[in-house]
Amino acid sequence: MQEPYSTLEARYPYHSGEPSKEVIQHDSVYPQLAAFETERGYLPEVVNNGSVQPPSNSPLSRELLPQPQQPKNRIWGLPKRTFYVVLVIGILVIIGALAGGIGGGIAARRHSDSQNSGGNGNGNGNNDDTNNNNNNNNNNGIGSSNANVNIHPSSQLSASNRTDANGTARRTVFFQDPASNLIARRWDAGSGAWVTANLSAITSSTARDMVALAPGASIASASLTYAGKSETHVWFVNAVAGGAAGSSSSSSSSSSSSSSGGGSGSSSSSSSSSSSSSGQSGTEYMIRSLVLADPDARPDGWKEDDMDGASLKVLSGSRLAAAWQRCWKSDTAGNPCYGAWALAYQDPAGNVLVANGTVWNTQTLVVQEKSVARNTSLGLVAQVESGGTDVSRVILVSESLGTGEVGDMQKMMYTHGNWTSDKPLITSIPAPSPNLQFAMTVQNSFSTQNTITLLPNGTVTALLWDGHFHTIPSMNFRGGPDVNFTSIAASEDAMIYGLYNDEILQYEPDTSDIYTYNYVGRVYP
């Protein structure tokens, strides 16, 4: 039985600190004098048994008189013992260097072979790129010089999901390859296979200009299947020299489109960008979008979405977050209410706006620049209305301005046509940086919400709401490799994706432990 959603939320600080340390007393143990080696041999141990003197009436025996020592055999000026120790150490160093070089070459060859074979799957089936004619190695991007061979080291992640008309679960993960191309990795429960599509290559002949993302560009995505309609959208930030994209529309107080709730769909959480807070002179940063209008019949039919001619200018380094907002109105005969796409970003002044897919040229001012950190990470997710079943509420999180060193994750809630401020969720988080990222996911028919933060040190902390708040200071990722993520994303089917060591890994919630996500498998390569 699910607990009804409550708007009574408490503020839970993010706890960090060192564990207390036990002081262990040790008895004093003093070193004993012992024989030690010199160039002239071993000196004797010091024995404190009193002074030993020969009888005064007898001559000193020859044994008590110091005798001239014969020089020992030496090799290259060193005592034999020292020489052999140095020789053994030198031989071990040489053997170690040879073994390391041979091992590195074998590992590189195996890694290359594993790429060519398509990988090991993701726990739901095998990876399958053999039928993939998307020119994934096409070098259309920017900044291809890095050590990674699969994923750009600055790449951010975005993920969305939907359930098609036949009840088949489908997932898509977006990222950048080493050449900065925009890549989509899709999966469906029917085949159980992950397949790759190079969106930069697919749209190169149809887009108004080349889809060439800067390394580490922010990416957001969302998907829907409802009333016979299926779509997947991805948004990203693109630099435009000289402001050729036109002027931006001014924001307004209009709210997002209403819709009837229901159907199965997904949203993406925000991803962080590595761009600086100020762009080059004469360069503007715009939001661009690609759409897959018939993903089941034409899974590679990506086209540019002109967003009804809207020109959405953003702050250099702005993060993005997107979600499919359901309707709260009832469908009418022959006229289903599909809802609207919601897209959050920071405008050049630093305000957090939400653009609406019903009228892209009209944006809502949600958080004023004086109340939010520049280049804040963003999170956006749908949620069930309190006391109801309609999934028409939307939650937006951003980082408050704070003192410059730390801030709080602040929450805004869209319900019944208005954005309202709520209490902070996670407190005392570091200032914005490329590796500080928010992600949001839901469970239990949108009644349970998990707000996740990737900290710059790789720790993943979270705050889970299931009618009560549960603080998770450090999330446990059980199974799979030891990880220290550089980017994360989450989708509405409660999956978490993490980028680590040139691979994208997938995790699902442990049904018996809210602190734990279990390893599902490798998404890419």
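A few notes on this one:
- Among the candidates L312, L224, residue that is within 23 Å of W187 (Cβ to Cβ) and at pLDDT 65 or above: L224
- Count of the stretch 468-489 residues which are more than 15 Å from the chain's Cα centre (by Cα) and open to solvent by less than 10 Å² (accessible area, probe 1.4 Å): 1
- The residues of the stretch 348-361 that are modelled with pLDDT of 95 or more and part of a loop (DSSP other than H, G, I, E, B), listed by number, are P348, A349, G350, N351.
- The residue list T376, T403, T389, T364 contains one member that is open to solvent by less than 20 Å² (accessible area, probe 1.4 Å) and not in a strand (DSSP E or B), which is T376.
- Test: residue in the stretch 418-433 that is within 15 Å of the chain's Cα centre (by Cα), crowded, with 20+ Cβ neighbours inside 10 Å and either polar (S, T, N, Q) or farther than 23 Å from V366 by Cα (or both): no
- Restricted to the stretch 169-214, and to residues there that are outside any strand (DSSP E or B) and in contact with a helix residue (DSSP H, G or I) (Cβ under 6 Å, 6 or more places away or on another chain), the residue that is surrounded by the fewest Cβ atoms within 10 Å (Cβ to Cβ) is V211.
- Each residue in the stretch 153-168 was checked for being in a strand (DSSP E or B) and either modelled with pLDDT under 95 or under 19 Å from the mean Cα position of the chain (by Cα) (or both), and 4 pass.
- Test: residue in the stretch 401-410 that is in contact (Cβ under 8 Å) with a residue 60 or more places away in the chain and not polar (S, T, N, Q): no
- Taking (1) open to solvent by less than 30 Å² (accessible area, probe 1.4 Å); (2) over 27 Å from S392 (Cβ atoms); (3) among the charged types (D, E, K, R) in turn, E492 satisfies each apart from (2).
- Qualifying residue in the stretch 424-437 (condition: over 23 Å from E405 (Cα atoms) and at pLDDT 95 or above): no
- Residue-level check: of (1) in contact (Cβ under 8 Å) with a residue 12 or more places away in the chain; (2) more than 17 Å from R393 (Cα to Cα), N450 misses just (2).
The values are calculated or read from the model by the stated rules, or taken from the named source; none is laboratory data. This structure is a prediction, so every number in the text was calculated from the model and none was measured. Glycine gets a Cβ as well: all are built from the backbone with ideal geometry, and neighbour counts include every protein chain shown. Areas reflect the complete protein model, heavy atoms only, side chains present, ligands, DNA and RNA absent. Shrake-Rupley method; radii C 1.70, N 1.55, O 1.52, S 1.80 Å.
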